[in-house]
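This report concerns only the one structure given below.
Quick note: the coordinates plus some simple rules give every number you see, no bench work behind them. Note that the structure is a prediction, hence the values are computed from the model and not measured. Backbone-built Cβ (ideal geometry, glycine too); neighbour counts: all protein chains shown.
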Amino acid sequence: MSNAEIRVAVLGAGGRMGSEAVKAVQAAEDMELVAALRRGDSLDRITEAGATHVVDLTVPDSTEENVRFAVQHGLHAVVGTTGWDGERLQRLEQELAQQPEVGVLIAPNFALGSVLASAFAATAARYFESAEIVELHHPNKVDAPSGTAVRTAELMAASRREHGVAPSPDATEKQIEGARGAVVEDIHVHAVRLRGLVAHQEVLLGSAGEQLTIRHDSFDRASFMPGVLLGLRTVGSRPGLTHGLDGYLDLGF
Ligand SMILES: NC(=O)C1=CN([C@@H]2O[C@H](COP(=O)(O)OP(=O)(O)OC[C@H]3O[C@@H](n4cnc5c(N)ncnc54)[C@H](O)[C@@H]3O)[C@@H](O)[C@H]2O)C=CC1
Ligand SMILES: O=C(O)C1=N[C@H](C(=O)O)C[C@H](O)C1
């Protein structure tokens, strides 16, 4: 056994992201992989292995229970799984209030470029009349729209509200259901699922005579691993809930 202070249990280790995270943790000199859990494995394996940190990369139906287990056992958690809506985040904050030393990072996207793109989009959204999001993913993704798109829409909508920007104009009277996408806090979000893709997002911003497009592409899940490792190295010194990897970065605006 090494003396690593960051003793990591990866949940969802059999999945696309989890299997990458296992390799990234194993390659990190300051970490030790002490458990790799697949669906059906008992959560007790995490404590039996002496983990200090948990990475959750499972499915929206499992993640809340997993994170609650980690918090109740005093373990820090880095969470990439989608499905963390306002109610779940509120319940998590209540759990964390009972464990003031514990840190949890809920990161809709671990890729630095994506975090920056969402931050740029939030700033830009207040300067344009129209704003919509198109997210594009591999066809095995179980949720739509993506967690990243939902979070980006929330940040853009908050920015527009704070600056008194009116909702995007939209004169649609007749449509086939779904043609205008999902509406997340006034922002229309369109989800494409296409073989060959990994994870991509375009934010479209329009005003009279001009368009700004903010696009990010993850071509490989390797793009998410520096963010996972940054999360693991930081979460122990940030008690409470952090929503978004931007909370650990100095974006400077
Ligand atoms: N934050 C980020 O940067 C990223 C987040 N994601 C999100 O991460 C999640 C996983 O994505 P993928 O790896 O593509 O999915 P996946 O379907 O390939 O992997 C999920 C794995 O979790 C397993 N699982 C389900 N419940 C479990 C439990 N209770 N304990 C242990 N394992 C369990 C499943 O059997 C499966 O192997 C999704 O919610 C996805 O949206 C994906 C990519 C990047
Ligand atoms: O399922 C995926 O693949 C991804 N999920 C996350 C999301 O829903 O935003 C992050 C990234 O888009 C890849």
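When the range 137-150 is limited to residues that are more than 10 Å from ligand 1 (Cβ to nearest atom) and not aliphatic (A, V, I, L, M), the one that is farthest from residue 196 (Cα to Cα) turns out to be 145. Being more than 16 Å from ligand 2 (Cβ to nearest atom), assigned to a helix (DSSP H, G or I) and either out of contact with any Pro (no Cβ under 7 Å at 6 or more places or on another chain) or farther than 21 Å from residue 225 by Cβ (or both) is the requirement here; does residue 180 meet it? No. Of everything in the range 31-48 that is of a type outside the set (A, V, I, L, M, F, W, C) and touching a strand residue (DSSP E or B) at 6+ places or on another chain (Cβ under 6 Å), the residue that is surrounded by the fewest Cβ atoms within 10 Å (Cβ to Cβ) is 45. When the criteria are applied in full, residue 233 fails the requirement of being in a loop (DSSP other than H, G, I, E, B) and among the charged types (D, E, K, R). Every listed requirement among (1) over 30 Å from residue 253 (Cβ atoms); (2) in contact with a Ser or Thr (Cβ under 8 Å, 6 or more places away or on another chain) is met by residue 44 save one, (2). None of 13, 21, 9 is more than 24 Å from residue 247 (Cα to Cα) and among the aliphatic types (A, V, I, L, M) except 13. Somewhere in the range 210-223, is a residue assigned to a strand (DSSP E or B), hydrophobic (A, V, I, L, M, F, W, C) and either out of contact with any helix residue (DSSP H, G or I) (no Cβ under 9 Å at 6 or more places or on another chain) or within 26 Å of residue 124 (Cα to Cα) (or both)? Yes.
Would you check if residue 42 is under 18 Å from residue 66 (Cβ atoms), free of Cβ contacts under 8 Å to residues at least 24 places away in the same chain and within 16 Å of ligand 2 (Cβ to nearest atom)? In short, no.
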